[in-house]
Structures are given as structure tokens and as C-alpha cells.
Amino acid sequence: MSLLTGKVAVVTGAASGIGLATAKLLATQGATVFVTDIQEAKLKQAALDIGKNAIPVRVDSSNVSDIRNLYAGIKKSHGRVDIIFANAGVAITAPLGEITEDAYDKITSINLKGVIFTVQEALPLLSNNSSVILTSSIANKKGLPTLSLYGATKAAIRSLARTWTAELKSRGIRVNVVSPGYIETPMLHTGVGIEDIKLLGDQIPIGRVGRPEEIASVVSFLASDASSYITGADIQVNGGVAEI
Ligand code: NAD
């Protein structure tokens, strides 16, 4: 039997990058994975690549009705959720002085509101012994110029996890955070504006940027019973970059 056989998982932002790699791994390990994203065509292709354990549902994580529809469907078909990887997110660069109201509204609605409602709306379906994993970032502690908006949303994610850990303990639900460093995904280029991956890699103690699969393996561990005594943690997966 595989590590996650019989588990029902939800992965948001699963059409690309870290979400896609994680959905692939969870499915390989035996979970049924509801893969959600706003990019419908890419999501369908992702589900085809992952194979029979993947069920694609178009969800805009910033839209609570979309989230409710997702869980209504899961309730009908599977009756429960065991793993949530609330991962969908965007990065917007803007130094203080150039932050717009639109940028603020966009980033908070996806990175914060989206995570809150992805977890809250699942509560009636979450099984005892379930595992919730939230994607934060190295930017949750480290001051990265132009990324104050992004860093603020990611710091909030750590706070949510700590509070929810306490609130959900009586139900046996664990809540953890994974905080990636620099991972080679479309976001690193389009969201954060990194052009030279090699140059960036040279500045990281381990000597390179990370791969999405290197986050997926940590999420899979946190999703599984192998991490049964870990809750409220913020696991830094960053190749040794100093956090402060
Ligand atoms: P990515 O751009 O490859 O993937 C993000 C996915 O989220 C995309 O498929 C996108 O369509 C989806 N998404 C965006 N808005 C959405 C919405 N409203 N509803 C549903 N889906 C939406 O980027 P990634 O690097 O894989 O990012 C995944 C997570 O990892 C994000 O939360 C990001 O902040 C975090 N992260 C990434 C890095 C990095 O270096 N790549 C570092 C730290 C944290």
C-alpha cells in the first residue's frame, strides 16, 4: 500500500509549479487529488498528465462561491477531505511608494482570503486525523525589497496556521506551513522578476534554486501520518538561505 492510499486531497494552484508537482506526488502515493486552479486549460492538461487519481475543478481561490461549489461536489462524490494543500498564490512587486489599491486587493484576495476560505469551507468535510498545509514563503520573515505586500500576506499565513492549530486540536486536525525559498516556477520569473537563475543560485548556500518537486516531497510528508506529531510548524525549504 502507498503512503496516501485512500486519502482525499485538495491542491489549489495545481496547474503549475509547486502545486502541480505536489498534486502529481500525492496522486502517485495513492491519494485522490482534486486539483484546482483558475487557469482552466492548463489545469485540464495537468490532470491528464497526473492520471486517473486527479480530478480537475476550476476554482478561483479568491471567490468563495467557487470554493463552496468545489466542496459541495466533493461531499457528493467522496463525503470527506483528508488533506488540503492551500497553495494558490501570486507575487506582485512594488516598492513602498508605488503600492496600488488594485495590487493590494488582488494579492490579499488570493494569498490570504483564498487560503482562509479554502480551509474554512472544508471544515464540515475534514476528517479526524486530517492534515492542512499552507504555502508561505521565505518572504514571511526576510525583508525582500519590493515584496512587502507579498511578504505581509505570507507572514499572515504563519499566523493563521498557529491559531488554527490551537482551534482544531480537538478534532485531530494538524495545520502546518511550508515556506519555500527560491523555486524555479513561472512565478519566480513573472511574479518576482528574476531573470538569471544561475546568478541567483550562486547566492544560495546550497548553490542553486530549488525545484518544485523539492517542496512537493515535504508537503507529502506533512500530509502523511509520518508527520503525526508535527503541527503548527513552519518548515523552511530554502537551500540554506538565512531567514533574516
Ligand atoms: P506558479 O505561478 O507556478 O503557480 C501558481 C498557481 O496559482 C498558478 O497555476 C496560478 O494559475 C494559480 N492561481 C493564481 N491565482 C489563482 C486564483 N485566484 N485561484 C486559483 N488559482 C490561482 O507559482 P508557484 O511558484 O508554484 O507558487 C505556488 C505557491 O508557492 C504560491 O503561494 C507562492 O507564493 C509560493 N512560493 C513560491 C516561491 C517560488 O520561488 N516559486 C517561493 C516561495 C513561495
- Message: Whether any residue in segment 21-33 is at positive phi and near the ligand (Cβ under 8 Å from one of its atoms) is what I want to check.
- Response: no
- Does ILE50 count as open to solvent by less than 60 Å² (accessible area, probe 1.4 Å) and more than 18 Å from VAL115 (Cβ to Cβ)? yes
- Those helices (runs of 4 or more DSSP H) completely within segment 8-108 that have 3 or more residues that are in contact with a helix residue (DSSP H, G or I) (Cβ under 7 Å, 6 or more places away or on another chain), within 23 Å of ALA139 (Cβ to Cβ) and touching a residue at least 40 places away in the same chain (Cβ under 8 Å) are 17-28, 101-108
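So, VAL209, is that one among the β-branched types (Val, Ile, Thr), over 14 Å from the mean Cα position of the chain (by Cα) and open to solvent by less than 60 Å² (accessible area, probe 1.4 Å) or not?
Details: among the β-branched types (Val, Ile, Thr): yes; over 14 Å from the mean Cα position of the chain (by Cα): yes; open to solvent by less than 60 Å² (accessible area, probe 1.4 Å): yes.
So VAL209 fits the description; yes.
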- Note on the structure: Checked against (1) closer than 25 Å to ASP82 by Cβ; (2) open to solvent by 50 Å² or more (accessible area, probe 1.4 Å); (3) in contact (Cβ under 8 Å) with a residue 12 or more places away in the chain; (4) more than 15 Å from the ligand (Cβ to nearest atom), PHE117 satisfies every condition except (4)
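If you scan segment 159-197, which residues turn out to be open to solvent by 50 Å² or more (accessible area, probe 1.4 Å) and within 15 Å of the ligand (Cβ to nearest atom)? Spell out the reasoning first.
Let us first name the residues in segment 159-197 that are open to solvent by 50 Å² or more (accessible area, probe 1.4 Å), namely 159, 162-163, 166-167, 169-171, 184, 186-187, 189-190, 195-196.
Selection gives GLU184, PRO186, MET187, HIS189, THR190, GLU195, ASP196.
If you scan segment 1-20, which residues turn out to be more than 9 Å from the ligand (Cβ to nearest atom) and open to solvent by 10 Å² or more (accessible area, probe 1.4 Å)?
First, pick out the residues of segment 1-20 that are more than 9 Å from the ligand (Cβ to nearest atom): 1-11.
Correct list: MET1, SER2, LEU3, THR5, GLY6, LYS7.
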- Message: Cβ contacts < 7 Å: first residue in contact (Cβ under 8 Å) with a residue 24 or more places away in the chain, restricted to segment 140-163; second residue among the small types (Gly, Ala, Ser) and assigned to a helix (DSSP H, G or I), any location; separation 6+ or different chain. Result?
- Response: ASN140/GLY151; ASN140/ALA155; LEU147/ALA139; LEU149/ALA103; TYR150/ALA139; LYS154/ALA139
- Message: Looking for something open to solvent by 10 Å² or more (accessible area, probe 1.4 Å) and near the ligand (Cβ under 10 Å from one of its atoms) - is there at least one such residue anywhere in segment 64-82?
- Response: yes
- Query: Has segment 90-112 got any residue that is surrounded by 15 or more Cβ atoms within 10 Å (Cβ to Cβ) and within 16 Å of VAL177 (Cα to Cα)?
  - Reply: yes
- Test set (1) more than 16 Å from the ligand (Cβ to nearest atom); (2) modelled with pLDDT under 95 - THR100 fails condition number: (2)
- Taking only pairs six or more apart or across chains, which ones have beta-carbon atoms under 7 Å, a first residue in segment 193-206 that is within 22 Å of VAL90 (Cβ to Cβ), and a second residue that is open to solvent by 50 Å² or more (accessible area, probe 1.4 Å) and assigned to a loop (DSSP other than H, G, I, E, B)? GLY193/THR93; ILE197/GLU184
- Task: Go through segment 128-158 and give me each residue that's open to solvent by less than 20 Å² (accessible area, probe 1.4 Å), among the polar types (S, T, N, Q) and out of contact with any Leu (no Cβ under 7 Å at 6 or more places or on another chain).
- Result: SER130, THR135, SER136, SER137, ASN140
- Return yes when ASP202 is more than 10 Å from the ligand (Cβ to nearest atom), over 19 Å from SER16 (Cα atoms), charged (D, E, K, R) and open to solvent by 50 Å² or more (accessible area, probe 1.4 Å) and no when it is not. yes
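The values are calculated or read from the model by the stated rules, or taken from the named source; none is laboratory data. None of the values given here were measured: they were computed from a predicted structure. Don't worry about glycine lacking a Cβ; one is built from the backbone with ideal geometry, like all the others, and counts go over all protein chains shown. Ligands, DNA and RNA are excluded from the accessible area calculation, which covers all protein heavy atoms including side chains. Shrake-Rupley method; radii C 1.70, N 1.55, O 1.52, S 1.80 Å.
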